[in-house]
Amino acid sequence: MPMKVLFVSSEVFPLIKTGGLADVSGSLPTALQGLGVDIRILMPGYTAVINQLKDLQLIATVHQLPHIGTAELLLGTIEHTQVKVMVIKAKSLYEREGGPYADTNGQEWQDNPIRFGVLSKVAAILASDHSPISDWQPGIVHCNDWQTGLAPAYMKLVDQSKAKSIISLHNMAFQGSYPPHWVTTLGLPSAGFSIEGYEYHGQLSFLKAGIFYADAISTVSPRYAKEIQTAAFGFGLEGLLTKRGDEIKGILNGIETEEWNPETDQHLIKNYSSTKLAGKKQVKKALQEKLGLNIDANAPLLGVVSRLTYQKGLDMLLPHLQKLIDSGCQFALLGGGESALETAFQSLAAANPGRISVTIGYNEPLSHQIMAGCDMFIMPSRFEPCGLNQLYGLAYGTPPIVNATGGLADSVVDSNIAHIENKTANGFVMVEASAEGLMACIMRALDMFHHAKKTWRQIQKNGMSQNLSWDNSAKEYLALYQKLVS
Ligand code: ADP
């Protein structure tokens with residue numbers, strides 16, 4: 001009998017995406033399915049999701065849900081992967097204009113505790129004796145981030161589920177903390193509202209609930225598994241994480257190689273590979289044209305695709321960007337977030353027509369074109385649980401320039417002499433997380449780009465020939481599941 005896994009997530013590519021969590025939730029279940037796991041995704045029935053799933057059919061009604069009482073459960077498949085998705089259809093919670101967490105103005109939905117409390121509760125019910133589905137009972141409930149953090153608590157304290165739970169931590173910065181009255185509204189026992197439970201500084205913490213009650217914990221890179229046990233990265237939960245330290249497994253994310261592959265990428269005017277890099281030049285030219293940059297094959301083109309927040313460290317680029325442009329570089333940014341950062345980059349773009357392009361917003365095709373058309377990818381994150389963009393940069397022959405943290409440190413090998421010699425060098429790692437540290441690292445990369453073309457090609461090839469797929473990481477998740485149920 002194949003192992004049955006319920007994979008619970010609040011966003012799943014290509015159905016709905018705000019960041020890396022969606023990429024992982026779209027690709028890891030596919031890889032696990034390939035390893036013989038009988039996996040189903042459980043997610044909220046946002047309008048966009050209901051509209052995109054194939055063969056959607058009603059399979060059950062779930063009762064005893066907090067606040068809303070009942071919801072319908074639909075089952076459909078993601079078109080090209082054939083992964084099964086169970087969707088919670090609750091019109092009052094999920095079918096509205098805006099994003100999964102916030103309205104069109106970026107204001108967090110006031111009823112998020114209910115929206116994600118219900119997601120967690122449905123997961124717990126489906127893993128219990130009173131599940132409304134009789135022909136499919138998961139042995140493992142795999143939760144992801146705070147939005148699913150209450151599931152392990154419901155499973156242990158309320159629904160007495162026999163299934164094992166695991167929570168994957170994709171970003172400790174987001175914890176889902178809400179005023180204590182939600183404990184009652186969400187049907188959680190008041191006994192659990194303590195230090196030994198889901199209470200965190202007087203608030204109900206979804207993420208703490210997950211970390212406290214899950215049978216296993218994983219993070220999206222080995223380095224991040226260690227980092228979160230320290231005050232600098234644990235966002236206040238380092239004490240609890242240290243207590244459970246031996247049970248935290250770091251597994252580096254893979255990438256969806258169907259979606260992110262320069263040899264087949266549908267968003268590029270020309271495909272290319274590590275042995276046929278010429279096409280990359282055409283992609284660069286097309287990108288320069290599209291973004292209104294001067295057509296110049298020799299100008300080093302630096303790229304960024306990112307949320308614009310403190311985490312991503314792009315403020316460290318601002319003090320020196322003009323100098324880089326004056327020295328002949330071009331810069332292309334796609335992203336959105338804090339308005340001060342958006343404005344600062346937009347002002348620099350206005351002052352440097354033909355040399356800086358800033359696109360504020362979310363644009364999937366452009367993100368692929370920047371990844372492929374640029375010469376280097378800049379990612380100076382202050383913390384980065386895994387990071388996917390540096391992996392895409394490696395796959396696309398666009399060496400990443402990164403800070404030495406989390407998954408960046410686990411995936412980018414600095415191009416120092418030793419690593420160039422042993423052919424492991426694939427990017428550039430900052431020595432210090434500061435504007436000066438970033439500038440020094442970019443200067444080092446530029447020097448190699450201009451004056452050591454052969455070495456540059458080798459660095460590109462080293463990255464492009466790595467196996468960045470889910471092959472190995474999915475096996476590690478499977479081993480973790482097997483350990484839990486054995
Ligand atoms: P995070 O999840 O912290 O935002 P990751 O590097 O793990 O960072 O993943 C970000 C994902 O979101 C990548 O797939 C990236 O290409 C995508 N992304 C981020 N911003 C944009 C944007 N403005 N337009 C298109 N894709 C974006």
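The values are calculated or read from the model by the stated rules, or taken from the named source; none is laboratory data. The structure displayed is predicted, hence computed values, not measured ones. Positions of Cβ are generated from backbone atoms using ideal geometry, with glycine treated the same way; all protein chains shown enter the neighbour counts. We work out accessible area using only protein heavy atoms, side chains counted, and drop any ligands, DNA or RNA first. Shrake-Rupley method; radii C 1.70, N 1.55, O 1.52, S 1.80 Å.
A few notes on this one:
- Each residue in region 85-110 was checked for being over 23 Å from Leu28 (Cβ atoms), in contact (Cβ under 8 Å) with a residue 24 or more places away in the chain and assigned to a loop (DSSP other than H, G, I, E, B), and 3 pass.
- Only one of Leu75, Leu56, Leu6, Leu65 that is open to solvent by 40 Å² or more (accessible area, probe 1.4 Å), at negative phi and more than 16 Å from the ligand (Cβ to nearest atom): Leu56
- Test: Asp111 is touching a helix residue (DSSP H, G or I) at 6+ places or on another chain (Cβ under 8 Å) and more than 18 Å from Val12 (Cβ to Cβ): yes
- The residue of region 305-332 that is nearest to Glu384 (Cα to Cα), among those that are open to solvent by less than 30 Å² (accessible area, probe 1.4 Å) and out of contact with any strand residue (DSSP E or B) (no Cβ under 9 Å at 6 or more places or on another chain), is Gln311.
- Selection status of Asp111, open to solvent by 20 Å² or more (accessible area, probe 1.4 Å) and on the phi > 0 side of the Ramachandran plot: no
- Gly303 satisfies every condition listed in (1) touching a residue at least 24 places away in the same chain (Cβ under 8 Å); (2) over 21 Å from the mean Cα position of the chain (by Cα) except (2).
- The condition (being out of contact with any Cys (no Cβ under 8 Å at 6 or more places or on another chain), on the phi > 0 side of the Ramachandran plot, in the same structural domain as Ile88 (by TED's automatic domain parsing) and of a type outside the set (Lys, Arg)) is satisfied by just one residue among Gly187, Gly139: Gly187.
- One residue stands out in region 124-147 among those that are of a type in the set (S, T, N, Q) and within 16 Å of the ligand (Cβ to nearest atom): the one that is farthest from Gly197 (Cα to Cα), namely Asn144.
- Qualifying residue in region 333-347 (condition: in a strand (DSSP E or B), over 19 Å from Leu391 (Cα atoms) and not aliphatic (A, V, I, L, M)): yes
- The residue pairs whose first member lies in region 168-180 and is more than 20 Å from Phe193 (Cα to Cα), whose second member is in a strand (DSSP E or B) and open to solvent by 10 Å² or more (accessible area, probe 1.4 Å), and whose beta carbons are closer than 8 Å, counting only pairs six or more residues apart or on different chains, do not exist in this structure.
- Set Glu238, Glu247: member being under 26 Å from Leu484 (Cβ atoms), modelled with pLDDT under 95 and open to solvent by 20 Å² or more (accessible area, probe 1.4 Å): Glu247
- Among the residues of region 11-50, those identified as among the polar types (S, T, N, Q) and either free of Cβ contacts under 8 Å to residues at least 40 places away in the same chain or buried (at least 24 other Cβ atoms within 10 Å of the Cβ) (or both) are Ser25, Ser27.
- Region 191-222: number of residues that are assigned to a helix (DSSP H, G or I), surrounded by 23 or more Cβ atoms within 10 Å (Cβ to Cβ) and not small (Gly, Ala, Ser): 5
- Subset of region 257-268 that is touching a Leu at 6+ places or on another chain (Cβ under 9 Å) and under 25 Å from Ile356 (Cβ atoms) - its residue that is surrounded by the fewest Cβ atoms within 10 Å (Cβ to Cβ): His267
- Within region 175-182, not a single residue is within 16 Å of the ligand (Cβ to nearest atom), open to solvent by 40 Å² or more (accessible area, probe 1.4 Å) and either in contact with a Phe, Trp or Tyr (Cβ under 9 Å, 6 or more places away or on another chain) or more than 26 Å from Val5 (Cα to Cα) (or both).
- Selection from region 397-443 of residues that are open to solvent by 10 Å² or more (accessible area, probe 1.4 Å), outside any loop (DSSP other than H, G, I, E, B) and aliphatic (A, V, I, L, M): Ala409, Ile417, Ala418, Ile420, Val429, Ala435, Met439, Ala440, Met443
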